[in-house]
Amino acid sequence: MKRKNLFLLLILTCAVVLAAAPVMAKDTIKLGAFFDLSGPASFIGTPTKLVAEMVVAEINKNGGVNGKQIELVVGDTQGDPAKAASLAKKFIYKDKVVAIVGPTRTGTGMNVKGIVEKAKIPTVMTVGGDPVIMGGKFGSYDYVFKSPQRSEVAVKRLFSYLQEKKLHRVALLYAADGFGKDGSRWMEKLAPEYGIEFVTRESFGPKDTDMTSQLTQAKNAKPQALICWTIGPAGSIVAKNKIQLGIDLPLFQCHGLPDPKYIELAGTASEGDRMPATKLLVADELPNDDPQKKVILHFLNLYRDVYHYDKEFPINTHSGYAWDAITLVAEGIKKAGTQPDALRKAIENTKGYVGVSGIYNLTKEDHNGLGIDSMVMVEVKNGKFVLAK
């Protein structure tokens, strides 16, 4: 009898455990998150991952989403498009995530775009380039969104500043990668609208270590200013080469370079360089009636004073992208749940979300939702970023 009772007890215990297992699984919401945690863009990807973990921790502390905790499944793309594709498939088919955030660079983003579209998994990318949310030859983007400003918006912000300063003859240097070509494409398209003339266009490899040849060609074309469109160390090399060649022209970088790392790598050569950026870099200079100021100051308090990430990774223009990406997903889940198409529609219909990087108003056609008013022009002055005059 005792043996029979023990056997029944074991069966009941197993039944309870098996019954509880799916309930426990349903108590969390899995999000995939992949960034360049190693490779040349790891100085962007690693702090982006830390911010992703920070915002998830804050959401979970405050009760999660619809009573459920968010579980972040993290992967390292290593800056490799093939690795990013492999991770995307793992997130979707093994980890069973409800949405994905990341990756870091446009090239890796484009390599996973078709995968998440086919699987119908809402994905909010943290890449700079626009092709991830462009159709036509770039493929559909029903399930793909991005939290950083579009290259189009950054170009408009830069061109409006050049127009204001009466700088019309410009030499363009750009990286021959997805991000650089995307910026070049938008500049070519928008130049006539702002009265900008490109006197020369010079490309370089994103891993090149010397751009004196391109800068010499640019100087000989007699421009009023130089524009460099790249991310990573290449931008700092252009700044240093410009000084070494004795080129006395203003240098404008793109929205991917407002980062203390740029100043560290370029040194005093960065002094006076200007570029479009998110408001995050100049929070203290924002007027008190700016609706983003309160949100940005809260973010900075968490980043610097609570989580102490600033000690290793000082605030840069990229810092808020993962915060906004995950919050857009979380707000979508609050409204519509985790069913893929319902969640996609909820994100697509986001209106008036005041984020770290701007105020988001998404539409079916615009899966970013940020305007030119989300950006400011910054300048390197005495080794720090300040609002450009």
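Of everything listed in (1) in contact (Cβ under 8 Å) with a residue 60 or more places away in the chain; (2) surrounded by 15 or more Cβ atoms within 10 Å (Cβ to Cβ), the single unmet condition for residue 207 is (2). Among the residues of the stretch 296-337, the one identified as under 20 Å from the mean Cα position of the chain (by Cα) and of a type in the set (Lys, Arg) is 304. Every listed requirement among (1) closer than 19 Å to residue 33 by Cα; (2) at pLDDT 95 or above; (3) out of contact with any Pro (no Cβ under 7 Å at 6 or more places or on another chain) is met by residue 318 save one, (2). Residue check: residue 104 meets all listed conditions (1) in contact with a strand residue (DSSP E or B) (Cβ under 6 Å, 6 or more places away or on another chain); (2) farther than 24 Å from residue 149 by Cα; (3) in a loop (DSSP other than H, G, I, E, B) but one, namely (2). Here 137, 118, 113 are screened, and the one residue that is of a type outside the set (A, V, I, L, M, F, W, C), free of Cβ contacts under 8 Å to residues at least 40 places away in the same chain, buried (at least 21 other Cβ atoms within 10 Å of the Cβ) and assigned to a helix (DSSP H, G or I) is 113. Residue-level check: of (1) in the same structural domain as residue 334 (by TED's automatic domain parsing); (2) modelled with pLDDT of 95 or more; (3) crowded, with 17+ Cβ neighbours inside 10 Å, residue 175 misses just (1). Residues of the stretch 351-370 that are outside any strand (DSSP E or B) and within 18 Å of the chain's Cα centre (by Cα): 355, 356, 357, 358, 362, 366, 367, 368, 369, 370. Within the stretch 74-101, the only residue that satisfies the criterion of being closer than 19 Å to residue 147 by Cα and surrounded by fewer than 18 Cβ atoms within 10 Å (Cβ to Cβ) is 74.
Identification of strands (runs of 3 or more DSSP E) wholly contained in the stretch 216-324 with 1 or more residues that are of a type in the set (A, V, I, L, M) and touching a residue at least 60 places away in the same chain (Cβ under 8 Å) yields 225-229, 274-278. With respect to (1) surrounded by 17 or more Cβ atoms within 10 Å (Cβ to Cβ); (2) over 25 Å from residue 232 (Cβ atoms), the lone exception for residue 62 is condition (1). Here the condition is being out of contact with any Asp or Glu (no Cβ under 9 Å at 6 or more places or on another chain) and outside any helix (DSSP H, G or I); of 172, 167, it holds for 167 alone.
The values are calculated or read from the model by the stated rules, or taken from the named source; none is laboratory data. These numbers come from a predicted model, not from an experiment. So basically every Cβ, Gly included, is an ideal-geometry build from the backbone, and we count neighbours across all protein chains shown.
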